[in-house]
Amino acid sequence: MRLARFRTDVLEPRLGRVEGDEVVDLTQEFGSSLRALLPSLAERGAELRAAHGPRHPLSSVTLLAPVDDPQKYLGIGMNYAKHAEEARLAGIPTPTSQLWFNKQVSCLNDPYGDVVKPTVSDELDYEIELGVVIGVPAKDVSIEDARSVIAGYLVANDVSVRDWLQKLSPTFTLGKSFDTHGPIGPWLTTDDEIHDPLALRMTLTVNGEVRQEADTSDMIYNIYEQIAYLSSVMTLMPGDILATGTPSGIGAPTGNFLRVGDVVRAEIEGLGAIENRVVV
């Protein structure tokens, strides 16, 4: 099932089920918050699939970030071997364990929203990532049980301001948290729709040119290991988003950073695509 948040010219944010090139409005029965629905998603799955409501062509609506008001947006750094090597060449040491950072939730952006190029930097970069959304409170979860706490998946672009990562904010938080630098979507694909999240093809293009291409099986620490690691420290809550690492091909090693007018498209097999234009 593909669950989306959307709005129209005359309707405030709505919750919907995407079917083909239409979205079925579920708001009257289930409310407009996907985050609030997540803890009961498994129990209400059949009800959600069967629900009827007004239908809108996808072309007539504006898709919103699927998860409204998450508590946490966490990202893991250098979780693909080739990317870790290119990061090392750019001056970032290769970690010896899972390396996590915060993306402040104020950075969240819609799947087709504009990405603002900061006036304080010329090193704007892209990172396609598989986004994992937590469905139920999760603490001290084992690797074997980790999939049971996942509500679903989405496409994420972990937009990064490189000089703020390496020089001005070595904790990564500021360089990862500029406004608009967290586009996600285009919807939440529920876990039961994906046979194996560890075998999904990922592709990112800039103005149609392929910059990143990999498979989620190339991760150093897979998503279940990530959940076990994080939940040993903190309780992961419904709606929390985990950006699970990016493959090689980022702009930093070659200085091929994003410019105003560039269009970045990130697509993951089975999950759809997001597309964002860089603006001032």
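The values are calculated or read from the model by the stated rules, or taken from the named source; none is laboratory data. Since we're looking at a predicted model, the values are computed, not measured. Counting neighbours? That spans all protein chains shown, and the Cβs are built from the backbone with ideal geometry, glycine included. For the accessible areas, the whole protein counts, side chains as well, though only heavy atoms, and no ligand, DNA or RNA atoms are used. Shrake-Rupley method; radii C 1.70, N 1.55, O 1.52, S 1.80 Å.
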Net charge around P170, counting only other residues with Cβ within less than 14 Å of its Cβ (Lys, Arg = +1; Asp, Glu = -1)?
+2
Scattering profile of the chain from the Debye formula, Cα beads only, expressed as log10 I(q)/I(0) at q = 0.08, 0.12, 0.14 Å⁻¹, is -0.30, -0.70, -0.96
Which residue, N102, N256, N222, has the most motion in a Gaussian network model of the chain that connects Cα atoms within less than 10 Å?
N256
Among L154, L89, L124, whose mean-square fluctuation peaks in a Gaussian network model of the chain (Cα, cutoff 10 Å)?
L89
Restricting to lysines and to Cα separations under 19 Å from K117, and discarding same-chain partners fewer than 8 apart, the set is K103, K167, K176
Loop-only check: which GluC sites (Glu not before Pro) in segment 84-169 are DSSP coil with at most 13 other Cβ within 10 angstrom?
E144
Using 0.36 nm per residue, how much length does the chain from T8 to M234 gain when fully extended, once their Cα-Cα distance is taken away?
77.6 nm
Roughly speaking, what is the stretch gain from D21 to H52, that is 0.36 nm per residue apart minus the C-alpha to C-alpha distance, in nm to one decimal?
9.6 nm
Would you work out what percent of the accessible area of segment 118-243, with all protein chains in place, is carbon or sulfur (probe 1.4 Å)?
53
Which FRET efficiency value, to the nearest 0.05, do you get for E144 and R44 by plugging their Cβ-Cβ distance into 1/(1 + (r/R0)^6) with R0 = 25 Å?
0.45
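Rounded to the nearest 0.05, what FRET efficiency do S121 and E85 give with R0 = 30 Å and r taken as the Cβ-Cβ distance? Could you check? Could the numbers behind the result be given before it?
Numbers: r = 24 Å, r/R0 = 0.80.
Between S121 and E85 the formula returns 0.80.
Can you tell me the length gained on complete extension of the stretch N207 to T171, counting 0.36 nm per residue apart and subtracting the Cα distance? Please report the intermediate quantities before stating the final value.
Numbers: separation 36, 0.36 × 36 = 12.96 nm, distance 3.08 nm.
Extra length from N207 to T171 when fully extended: 9.9 nm.
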Taking a probe of 1.4 Å, how large is the accessible area per residue of segment 102-164, in Å²?
34
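How high is the FRET efficiency between N102 and D192 when r is their beta carbon distance and R₀ equals 25 Å, given to the nearest 0.05? It would help to have the intermediate numbers written out before the result.
On the way: r = 29 Å, r/R0 = 1.18.
About 0.25, to the nearest 0.05.
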If each DSSP helix of 4+ residues adds -39,500 (n - 2.57) and the sum is divided by the residues in the chain, what number results at 222 nm, nearest 500 deg cm²/dmol?
-2500 deg cm²/dmol
Alpha-carbon centroid distance for the pair segment 32-95 / segment 96-123, whole angstrom
14
With each pseudo-label sitting 7 Å past Cα toward Cβ, what's the N256-Q71 distance in nm, one decimal?
4.1
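Students sometimes get this wrong: rank K72, K103 by accessible area, probe 1.4 Å, all chains present, largest first.
Working: K72 40, K103 5 Å².
Descending accessible area places them as K72, K103.
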